1. Can you compute the modelled spin-label distance between A:Met557 and A:Asp251, with each label point 7 Å from Cα toward Cβ, in nm?
2. Accessible area per residue of chain A at 1.4 Å probe, in Å²?
3. Once phi is turned into ³J(HN,Hα) by the Karplus curve 6.51 cos²θ - 1.76 cosθ + 1.60 with θ = phi - 60°, what whole-Hz value does each residue of the range A:152-157 show in order, with x for glycine and proline?
4. Using the Cβ atoms and a cut-off under 13 Å, what net charge is assigned to the surroundings of A:Lys570, where Lys and Arg are +1 and Asp and Glu are -1?
5. Against the longest principal axis of chain A, how steep is helix A:117-134, in degrees 0 to 90 to the nearest 10, with axes from Cα atoms?
6. With θ set to phi - 60°, apply the Karplus curve 6.51 cos²θ - 1.76 cosθ + 1.60 along the range A:42-52 and write out the HN-Hα couplings as whole Hz, x wherever there is a Gly or Pro.
7. Taking each residue in A:677-689, count the Cβ atoms of any other chain within 10 Å of its Cβ, then average. What number comes out?
8. Where the eigenvalues come from the Cα gyration tensor of the range A:730-794, what are the semi-axes √(5λ) of the equivalent ellipsoid, largest first, in whole Å?
Amino acid sequence: MNILEKIKSSRTYFDGGMGTLLQEKGLQPGELPELWNLTHSDIITGIHRDYFESGCNIVKTNTFGANRLKFDNLEEIISAAIDNAKKARDEFDGDRYIAYDIGSLGKMLKPLGDLEFEDAVSIFADGIKIADKCGADLILIETMNDSYETKAAVLAAKENSNLPIFVTCVYDERAKLMTGADPSAMVAMLEGLRVDALGMNCSLGPEQMLGIVPKIVAEASIPVIVNPNAGLPKSVNGKTVYDIDAEIFSDLMVKIAECGANILGGCCGTTPEFIRKTIEKTKNLPYSLPERKNFTAVSSYTHSVKIGEVPILIGERINPTGKSKFKQALRDNNIDYILNEGITQQDAGADILDVNVGLPEIDEAAMITNVVQELQAVIDLPLQIDTVDPVAMEKAMRIYNGKPLVNSVNGKKISMDAVFPLVKKYGGTVIALTIGEKGIPETAQGRFEIAKLIVEEAQRYGIDRKDIVVDPLAMTISSDTESANVTLDSIRLIEKNLGVHTSLGVSNISFGLPNRDFVTSTFFAIALQTGLDCAIMNPFSTEMMKTYHCYKALRGMDESCCDYIEFASKITSTNTTVQNAVSSQQSGSEDPLMNAIIKGLKEKAGAVSAQLVTECDPLEVINQKIIPALDTVGKGFEEKTVFLPQLLMSAEAAKAAFEAVRAALSTKDQQSKGKIILATVKGDIHDIGKNIVKVLLSNYGYDVIDLGKDVPPEVICDCALENNIGLVGLSALMTTTVPSMEETIKLLRERGARAKVVVGGAVLTQEYADMIGADYYAKDAMETVRYAETLSLL
Amino acid sequence: MSDFTVELLFGSNEQAYPIKSEAIRYLGYRKSLPDDITDSLIDKCSEELCAVVSPKCCYVRTSVEFPDENITSFGFGGIKSHALYTHLQGCSEVILMAATIGISADRLIGKYGRISPAKSVIIDALASSAIENWCDSAELTLTKKDKLHCSRFSAGYGDFPLSYQKDFIQYLDTARKIGVTLSNSLLMTPTKSVTAVIGIGASSRTCSNKCMTCENTHCIYRL
């Protein structure tokens, strides 16, 4: 039988560790074990043979680190590794399989590290193509400690082979991967990607894993793999050993099997003896596959969010519809503005963030890819990918680090044909709008019929109904007073007769009415009571959040009313803060705005400015208050009486003041002092220094084009020429990245850019700056501002 | 898969708490103190950072040899460095270690980098102090049986080339053991990570003030 039939029918066993055994046979520290497939093939075959002899079903090829980052002769190594395993298998009967073993690349993916997601996919793909050709029976992706790298490996496997895919990750004692994912997040993502078995290996012994296995089993609907180390490593007489023997190991493996693990084996420090004893003790235990779980889950790179338990809030603010500022941010590629919308929604209590960046004049696929990557670098909420463009949808789903919510599919054939293959390939839970070929039915029954059709069509793709969340569409009561009733009836029908969860864009209900929040929040309460599971809504609306918290407290979903109390106390405390701010403003002897900026009080600076511009000329506010206050702080910094945190707090306060004033300025008065490019050079991923310079330059009236970090020279050069830039600011933190700074300057000169170049960063000095041909070395952010002021940049 | 017998040490969060006075020094305050508003912001940032640190360390204890003048060897070939050679004179053994406070600190710094540079800079300084504190704490645990040992010495100090970072990372299998990886330009991720060698032996010295042994006398952070 093939491996998939085997794991369905009975307990299956992996082999144990390879490295420890190779060291015993003479492998030196630092020597690459994969080379032994060629140089010591007898030993490798011997180890595989010993494992088969111990009774295991699957051996892992000696290819953990076989990738093109380490080897030029990949084909030779992998085919030899598989041959070595085949030679051993030929001596045995029964259900014996060869797993092509893939380990972590040892590189961190962007944006935290420097490896591109698609490069990781392609590195994994190289080996998988060879293994598939050489006759491996399955692919084992193991020792993964990052969810994003795991996704890259699984995609490479799906795209280059039809072999079964098994995945095991490394959890620490807190049951988290190194980059933060918990078991629920990993199970959601991996089952979404349709792997065949999943679990954990390495790092911990069976005793520590005993606490984690039940967490995996509680989430998983597919077979669970557990391959522990032989305990934890410790030093005995200067030699490192693992702290449990085969007897204790196998006793603990019995308990792990009883927790519901289906596939057992070992990792570091385990030997054929460990496996033999484990098999002896567990082979007659009753065997059952994990129960099929019925919950609907989406995930980020840290956690999952389950739909159908407590109401889920999907923040709607990352969407240009009806927001001129947001539209402008998209046109200007102002990612910070978009990120800010995300972070503040998370702070306000959103569980999931909707991401819609569609605008006719921009490349939506490129924009959504960029925004999703930026959001997932700093926000750990699951994202809802919201687009009607299938190309943009695919790109975003591909690079998303987790299992996304996808918005949306509808009952038209063209929509289902486009969306369902993507859900099948990348995983996801999809919002299904009850729109059919003839539009939106006017009756609840009509909307139910479309929901039913969508669920049935999804099943044809192997997409379970638990991954469909139906949105029966809220439409304004201002044009049809029956519309809320139809929507509520639809929720009832769909939940009862179709057994799927529901979502609504609730705010549509009040379109065209005054004080919309009153209507929307009341409708939200009725919809929740009717059974609504998620709402796409504005988490900044106090009315909506009030409804949400009260509903949870009233329906017994808020233990001891804790969340409600916290929410309610925040509302009170905001009122108090305002009072305090006003009273200190009255007692202050200095100018209140200047005082707020100098002290770095952001909220107060914004509030006072907003008040001031209703009384006097906005330009006067800028020139007589904001700029002088900034200068006071800047001078203090130069004289070393003010320090970096204060300088930045003042800058943030000034920014808040500017924003309040700018709204009142005429277009003519809004003119900037010129454009400046800022970038951290290629190879460098530190951007704190660059961000400091950016906030100061913006405050002093410059338009900053922030190209980000790890920016190739060509990109900087293209941008400088295209925008006829007068000043380029480059930052580097390490001696190893100064050469790319030099390269960037050289390229700018060669291609005739008129821009002056100012450089800065921890390792730079005046000598270094002169050596690489920079025009100016700025030792800190204020110096960059002062230098910019000496140039005419318009 | 390779499984060299590198040992692990996991810390409690408290062992990787930042030391406020150190963070304030990294922020450029020399003899002065932050004003009340800044001070309370530092406390708030500290609280956020403490909630997410995840201190981990992996290490190997091995012998050290000096095959030639200015050449030091501990398992991955000879390292040519006068500073390292001098620092380890008299030692018979070394502990090679790598430590990190985890990737969440980077995420926090990155998040505030986009919305509040002041908080970003403060958390960065706090996190630098946190990793130092964790290294001190780990070093204490690792050397508690050894009466005499040297202070930590890292690639990049003096003429000990930064390129040896690669060997440390590979030898200690840090990607797998504690999640520390190296970029092509030799930057570690998580950024708040340290690799170091601690010399152990009868005639070695301890050094309580790290600044005093550093050759960079113009450093703005020098005590």
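1. According to this spin-label approximation, the distance is 4.7 nm.
2. Details: 31270 Å² over 794 residues.
That works out to 39 Å² for each residue.
3. Listing the rounded values in order: 4, 5, 5, 4, 4, 5 Hz.
4. On the way: positive: A:Lys546; negative: A:Asp347, A:Asp563, A:Glu566.
My count for the surroundings of A:Lys570 gives -2.
5. Approximately 20 degrees, to the nearest ten.
6. 4, 5, 4, 4, x, 5, 4, 4, 4, 5, 4
7. Details: counts 0, 0, 0, 0, 1, 2, 5, 3, 7, 5, 5, 11, 2.
Taking all residues of A:677-689 together, the mean is 3.
8. Values: eigenvalues 66, 54, 14 Å².
With the √(5λ) rule applied to the range A:730-794, the semi-axes are 18, 16, 8 Å.
The values are calculated or read from the model by the stated rules, or taken from the named source; none is laboratory data. Bear in mind that the values here come from a model prediction, so they are computed numbers and not experimental data. Glycine also receives a Cβ, built like all others from the backbone with ideal geometry; neighbour counts cover every protein chain displayed. Quick note on the areas: whole protein, heavy atoms, side chains included, nothing else; ligands and nucleic acids left out. Shrake-Rupley method; radii C 1.70, N 1.55, O 1.52, S 1.80 Å.
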